[in-house]
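S.K.: This structure is in structure tokens; I'll ask about it shortly.
The values are calculated or read from the model by the stated rules, or taken from the named source; none is laboratory data. Just so you know, these numbers come straight off a predicted model, no measurement behind them. Quick reminder, even Gly has a Cβ in these numbers, built from the backbone with ideal geometry, and neighbours come from all protein chains shown.
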Amino acid sequence: MKTFDNYSLRAHNTFGIEARARRFAEYDSIDGLRRLLGEPFLHIGAGSNLLFTKDYDGLVLHSAIHGTEVIAEAADHVVVRAGAAEVFDDFVARCVECGWHGLENLSLIPGEVGAAAVQNIGAYGAEVSACIDSVEAVETATGREVLLPRADCRYAYRSSIFKSARRGELVVTYVRFRLSKRFVPDLQYAALRRHVEADGLSPEAVSPQYLRRAVIAMRESKLPDPRVTGSAGSFFINPVVSAEKAGLLARDFPEMPTYVVEDGVKLSAAWLIDRCGLKGFSVGGASVYERQPLVLVNRDGTATGADVLALSRHVQREVLARFGVTLTPEVNIL
Ligand code: EPU
């Protein structure tokens, strides 16, 4: 176990923003984690969905529980257990190599396995929860280990029990993925289908390696390279409005993209922000990214958390004033 006092979190958030933790601790076993429990804490992964607006006057925890192993195997699937600290995209690459399928559309998403299960990361028509068998966690109040089958994790769009009803009560230690040995490409997402068609491929000709490469190419074409430009990916979630509200908007903006979902109609936050003319708009060192306006960036490395926060509030105000739609941050603002 490693602990540090007055520790810089700049390397622990993909926005690349300077903030300090009163104490920072990294553990590599469940016993190590148990020894750190007992005071309030903030648990982080790779910091790819975090915005620090001030120093954190408390304990910041980070898992260093690594390792992947097959724990069950049948003719058509495997169950693979991965430590919370595994880099999610390295895990996806390994699964593609091993012929374990289901995660291809989630290629190149930044972050670690534990946070992926907390946030229910998603992209290109897929969500990680579809491949989760169960989640191992430690209860912070008791130190007890628990195993939550997927149905108990209350997965929804970018949400889970770990982020909602039991926020702060459970620390994810391992995630068990159920992956198929049979590959069926998931080409539901229109832009992905168009990419495949443009390459002259029929769905039957799509291999797992090709699908991973296609997703990586699409992400690289619109999202900033985290090694160069700080960001936390999409800053807001796509808003879901009532069918009635969507109908009213469609009358005024017939070209507005809409997607019918279980609880209403999902709108494209990127489109709403774009239509407010906000691409490139800046506050201090923070800007609305030109190629994907749902992403706010630390343009040249000089942005403060306050700059990004002020920019996000400006975006929210403009979208509300023009469309009457409230944008909710996806990023955890601290
Ligand atoms: N659009 C514009 N202007 C632009 C860019 C996009 O109007 O400059 C509109 C277009 O209509 C486009 C639509 O936005 O069709 C959707 O854009 P995109 O395919 O990039 O998807 P998104 O809904 O903006 C979501 C996820 C991303 C994920 C992509 C791809 C959320 C909050 N974001 O973005 O996830 O990579 O789909 O599946 O659901 C993340 O969560 O950090 C993230 C990057």
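S.K.: Looking at VAL241, VAL215, can you tell me which residue is in contact with a Phe, Trp or Tyr (Cβ under 6 Å, 6 or more places away or on another chain), among the β-branched types (Val, Ile, Thr) and surrounded by 11 or more Cβ atoms within 10 Å (Cβ to Cβ)?
M.R.: On the way: VAL241 fails: in contact with a Phe, Trp or Tyr (Cβ under 6 Å, 6 or more places away or on another chain).
After ruling out the rest, the residue left standing is VAL215.
S.K.: For the stretch 188-202: of the residues being of a type in the set (A, V, I, L, M, F, W, C) and in contact (Cβ under 8 Å) with a residue 60 or more places away in the chain, which is nearest to the ligand (Cβ to nearest atom)? Show your work before the answer.
M.R.: Quick first cut of the stretch 188-202, residues of a type in the set (A, V, I, L, M, F, W, C) only: 190-192, 196, 198, 201.
Still in the running and in contact (Cβ under 8 Å) with a residue 60 or more places away in the chain: 191-192.
Working: ALA191: 5, LEU192: 8 Å.
Filtering the stretch 188-202 for residues that are of a type in the set (A, V, I, L, M, F, W, C) and in contact (Cβ under 8 Å) with a residue 60 or more places away in the chain, the one nearest to the ligand (Cβ to nearest atom) comes out as ALA191.
S.K.: Looking only at residues in the stretch 77-120 that are in contact with a Leu (Cβ under 6 Å, 6 or more places away or on another chain) and assigned to a loop (DSSP other than H, G, I, E, B), which one is farthest from the ligand (Cβ to nearest atom)?
M.R.: TRP100
S.K.: If ALA310 passes every condition in (1) away from the ligand (no atom under 14 Å from the Cβ); (2) at positive phi; (3) without any contact (Cβ under 8 Å) to a residue 40 or more places away in the chain but one, which one does it miss?
M.R.: Here ALA310 clears every test but (2).
S.K.: State which residue pairs qualify: first residue closer than 14 Å to LEU309 by Cα and more than 9 Å from the ligand (Cβ to nearest atom) and inside the stretch 272-296, second residue among the acidic types (Asp, Glu) and at pLDDT 95 or above in any location, beta carbons under 7 Å apart, and separation of 6 or more residues or different chains.
M.R.: VAL283/ASP307; GLY284/ASP307; GLY285/ASP307; ALA286/ASP307
S.K.: Further question on the same structure: Could you check ASP152 against (1) over 28 Å from GLN209 (Cβ atoms); (2) in contact (Cβ under 8 Å) with a residue 60 or more places away in the chain and say which number it fails?
M.R.: (2)
S.K.: Here's a follow-up. Could you check the stretch 221-234 and list, in sequence order, the residues that are more than 8 Å from the ligand (Cβ to nearest atom) and of a type outside the set (D, E, K, R)? Outline the logic, then answer.
M.R.: Looking only at the stretch 221-234, we keep the residues that are more than 8 Å from the ligand (Cβ to nearest atom), and these are 221, 224-231.
Of everything in the stretch 221-234, those that are more than 8 Å from the ligand (Cβ to nearest atom) and of a type outside the set (D, E, K, R) turn out to be SER221, PRO224, PRO226, VAL228, THR229, GLY230, SER231.
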